[in-house]
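Down below is the structure, laid out as structure tokens.
Just so you know, all these numbers are worked out from the coordinates, no wet-lab data involved. Everything quoted here is computed from the prediction, not taken from an experiment. All Cβ positions, glycine included, derive from the backbone under ideal geometry; neighbour counts span all protein chains shown.
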Amino acid sequence: MRQQIKNILFLVLVISGLSVLPAAANTTHTTKAHESNLHVAVSENHGVIASSEHAPLSHVEKGSIEGHHGEEQGKHEENVRQLIAPTHDGSLPWWLLAIPFLPLASFIFTLLFGKRLGVNSHWVPIIAVLISFSCALKAFVTVKSGHFINQDLYTWISSGNTRVAVGFLLDQLTAVMLIVVTTVSSLVHIYSIGYMKGEDGYYRFYSYLSLFTFSMLMLVLGNNFMQLFFGWEAVGLSSYLLIGFYYEKVSAATAGRKAFIVNRFGDFGFILGLFLIFVNFGSLHYYDVFSQAGQIVGHTWTIFGMTF
């Protein structure tokens, strides 16, 4: 057991080093690109849609700050999250795709072939999540150097002017949460080697862990509210499978059903929120919604007789 943990830790160090070094080498280049491409864009209709920590306040259009004190505008500008317009062409870097899809591949592989591997069925999920963790470190370094990504992979729903796509958003918040998710998931995977040793369905437990990790990562990486919702649903399904892992026990099966049913109440509020967002902004994309957020300041929404 100790030797296995030592081997895993050594593997983490090697993979992390290989992943982070290239990103660190490109820091200067990406920082210059960030400084030249990102600027503060403020308009009366959209508010702040993109900002750079290096952009001086003098770049802000005069018409957009009428009635606001310079000091207050400066504080607001510092707190605005980077908003980068989505692109619909080009390809995503392999390491960004690897972060969520390696755990997905691990889930499928372990579910199909884990029973044959027996007590060694944990190796594929652990290696997959450790590589995802290393790629998350690279994503963090990339964002730290000033490079952001907001790209649609393909159009999911298209009707008239309505368009919902599956896409990835990599910014400061995403980079931090990728580190959090992959770190916690890696620790759980490693700890479970001893904790679940000798249990029936050992391989099944690791396949569920991989599915849970994939679901969380898709939730974090999504660039629109619809993808966030489906990531949330996948997390709920994974939780149900893990809670009810000992499905032959009445208590475990009951707890799994209870968790599944309770989550449906949250789903109702989630769907209601999606409806309100779409009605008021005409889009479910983070960029479209956040760039128009300034328009609803002071406005109230009424639904089912309740005012928000």
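Karplus-derived 3J(HN,Hα) values for region 118-135, using 6.51 cos²θ - 1.76 cosθ + 1.60 with θ = phi - 60°, are x, 5, 9, 5, 7, 5, 4, x, 5, 4, 4, 6, 5, 5, 4, 4, 5, 5 Hz; glycine and proline are entered as x. Spin-label model, I127 to V188: label points 7 Å out along the Cα-to-beta-carbon direction sit 2.3 nm apart. For region 168-174, the Karplus equation 6.51 cos²θ - 1.76 cosθ + 1.60, evaluated at θ = phi - 60°, returns couplings of 10, 10, 10, 9, 4, 5, 4 Hz by residue, with Gly and Pro reported as x. Label separation (F230 vs K249): 3.5 nm, computed from points 7 Å beyond Cα along the C-beta direction. In plain terms, the chain from K197 to Y154 could stretch by 11.3 nm, reckoned as 0.36 nm per residue minus the Cα-Cα distance. Working note: Karplus 6.51/-1.76/1.60 with θ = phi - 60° gives region 144-161 the couplings 4, 7, x, 10, 10, 10, 9, 9, 7, 7, 7, 7, 8, 10, 9, 8, x, 8 Hz, where Gly and Pro are set to x.
Taking other Cβ atoms within 10 Å as a rough exposure proxy, K138, K144 sort from fewest to most as K144, K138. In terms of other Cβ atoms within 10 Å, R264, R163, R257 run from fewest to most in the order R264, R257, R163.
Please rank D152, D200, D267, fewest neighbouring Cβ atoms within 10 Å first, as an exposure proxy.
On the way: D152 20, D200 10, D267 13.
Final ranking by Cβ density, sparse to dense: D200, D267, D152.
Starting from 0.36 nm per residue, how many nanometres of slack lie between R264 and L173 once their C-alpha separation is accounted for? Please report the intermediate quantities before stating the final value.
Values: separation 91, 0.36 × 91 = 32.76 nm, distance 2.70 nm.
Computed gain between R264 and L173 is 30.1 nm.
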